[in-house]
1. Give me the number: length gained by fully extending residue 85 to residue 38, i.e. 0.36 nm times residue separation minus the C-alpha to C-alpha distance, one decimal in nm.
2. Taking the Cα centre of each part, how many Å lie between region 25-40 and region 84-125?
3. At R0 = 30 Å, how high is the FRET efficiency between residue 10 and residue 136 if r is their beta carbon distance? Nearest 0.05 is fine.
4. For residue 125 and residue 70 in one chain, what is 0.36 nm times their gap in residues minus the Cα-Cα distance, to one decimal in nm?
5. How would you classify the chain from its alpha-carbon gyration tensor, with a ≥ b ≥ c the square roots of the eigenvalues: rounded for a/c under 1.5, else prolate if a/b is greater than b/c, otherwise oblate?
């Protein structure tokens, strides 16, 4: 496990969905793009994994198209199955559904205080539905939903990165009252 007090540690956000070919790579791309706009891309790492991913699979073609229409290229994405090492290296775990929370808690250690539903970043508590197998319009809707969460929830995400906020950044507190007590 990385030393969280190291001055060279780069805070890491890990987006998690089921297959790591639809929602989490879209959320990863959207957050990276948002961080770039804020001038923070070199200060925070964003990764994604799936609870049941097939390692090396590309992002869904509809996910690629949905983000391309937003000016974001995820064609180079390759799926990864979440591992204990990925959990340990991440400072913040953002999952798409309550089912992902249950799975992560059941199969991995050291998730307390860093495991949240993505929707909690905007002070809500809902699952981001999986567009897998649906038409292109469902992927576009999912991409827009994820984009809205990332846009509105950025301050909450930054607030939850203790090694980032400890470096001097100051952000408003979370809007969520749940505070990830999973």
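1. 14.1 nm
2. 19 Å
3. 0.30
4. 17.3 nm
5. Judged from the Cα gyration tensor, the chain comes out rounded (a/c under 1.5).
Read-outs: derived from the displayed coordinates by stated rules, not from any lab. These numbers were taken from a predicted model, which means no experiment stands behind them. Cβ atoms come from the backbone with ideal geometry, glycine included; neighbour counts cover every protein chain shown.
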